[in-house]
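Worksheet for the structure shown next.
The values are calculated or read from the model by the stated rules, or taken from the named source; none is laboratory data. The structure presented is a predicted model; accordingly, all values stated were derived computationally and were not measured. When we count neighbours, we look across all protein chains shown, and the Cβ atoms used for this are built from the backbone with ideal geometry, even at glycine. Heavy atoms of the whole protein, side chains included, go into the accessibility calculation; ligands, DNA and RNA do not. Shrake-Rupley method; radii C 1.70, N 1.55, O 1.52, S 1.80 Å.
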Amino acid sequence: MMFKHNFKKVLSATAFAVALVVAPAANVSAATNDASSTQQSATATSQDQQASQDQAASQSSAANQSSATAVSASSSTSTSSATSTSTVKKTTKKAKKTTKKSKKKTSKKKAVKKVAKKTTKKKATKKAKKTSKKATKKTTKAATVAVTASADQSHATDQQDDAAKKAAEVAAKKAAAAKKKAAAKKKAAAKKKAAKKKAAAKKKAAKKKAAAKKKAAKKSAEKAAKYWIAMRESSGYYTARNGSCYGRYQLLISYLGGDLSKKNQERTADRYVYGRYGSWVNAKRFWLAHNWY
């Protein structure tokens, strides 16, 4: 704003000087009025709108002063026209140079500001992009880490479930194998017990059979020995008599107790032999040794 104000002042002074040199005295006052009005308008734009009345008063005083200046200028114009012309030219050149320099500076400043603004904007955009990229990378990385962690956790859970399932299957298999083994052991024990019982029964039966066979053999031997003695003593007759001995086995008549029946003879002979020798076989053995029993 200050530069614009000074520039307007320079333009007003230049226009006023040119009007003094070129225009006649009558036109000088008009140029002076124009210059003063231009200066007043420039002054009015730089001041506050609230002091409009003071500005009008200052404009009227400036107009009176410019009129006086114009009169004095018109009187002096005729005496120093050449000097004023050269001065005005120099002033115009300086003003033009100053204006050009100001414009160049302004354009340079604007260009520098524009470039700086663009650079700042580019830097800000780049920074924002970098920040956005970093944030996106961080978010993506965090999401990836979260997904990976979730996947790992899910995989670990699956592995734990698989391990638990396998452990349960192994335990079930072991339990089934143990149960099967126990059943097989029980069956084997029962089979062994049954075999042992069968063997014991078989052994007992064999023993019984052997005992029965032995008994039968003994009975047969006893029968044979009894028959052998009877044949040697009486030739098998129940009525044979030899002195005081009577019957099939030639027993003393007193042993028979007055009963000479076959039945009593058999019973009394058995009682005598088993009481004296223990068996008919022993009695036969004794008879073979002594010719009597």
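Return the residues of the range 269-293 that are open to solvent by 60 Å² or more (accessible area, probe 1.4 Å) and in a helix (DSSP H, G or I); say none if nothing qualifies. Outline the logic, then answer.
Restricting attention to the range 269-293, the residues satisfying the condition of being open to solvent by 60 Å² or more (accessible area, probe 1.4 Å) are 271, 274-276, 284-285, 288-292.
Within the range 269-293, 271, 274, 275, 276, 284, 285, 288, 289, 290 qualify.
Answer with yes or no whether residue 232 is out of contact with any Leu (no Cβ under 9 Å at 6 or more places or on another chain), touching a residue at least 40 places away in the same chain (Cβ under 8 Å) and either farther than 30 Å from residue 260 by Cβ or open to solvent by 70 Å² or more (accessible area, probe 1.4 Å) (or both).
Working: out of contact with any Leu (no Cβ under 9 Å at 6 or more places or on another chain): yes; touching a residue at least 40 places away in the same chain (Cβ under 8 Å): yes; either farther than 30 Å from residue 260 by Cβ or open to solvent by 70 Å² or more (accessible area, probe 1.4 Å) (or both): yes.
For residue 232, the condition - out of contact with any Leu (no Cβ under 9 Å at 6 or more places or on another chain), touching a residue at least 40 places away in the same chain (Cβ under 8 Å) and either farther than 30 Å from residue 260 by Cβ or open to solvent by 70 Å² or more (accessible area, probe 1.4 Å) (or both) - is met.
Collect the residues in the range 239-253 that are more than 21 Å from residue 275 (Cβ to Cβ) and open to solvent by 50 Å² or more (accessible area, probe 1.4 Å), keeping them in residue-number order. Let's see the steps before the verdict.
Pass one, the range 239-253, residues more than 21 Å from residue 275 (Cβ to Cβ): 239-243.
239, 241, 242, 243 - these are the residues of the range 239-253 that are more than 21 Å from residue 275 (Cβ to Cβ) and open to solvent by 50 Å² or more (accessible area, probe 1.4 Å).
Kindly establish whether residue 180 is under 30 Å from residue 252 (Cβ atoms), of a type outside the set (Ser, Thr, Tyr) and open to solvent by 100 Å² or more (accessible area, probe 1.4 Å). Write out each step before concluding.
Numbers: under 30 Å from residue 252 (Cβ atoms): no; of a type outside the set (Ser, Thr, Tyr): yes; open to solvent by 100 Å² or more (accessible area, probe 1.4 Å): yes.
So residue 180 does not fit the description; no.
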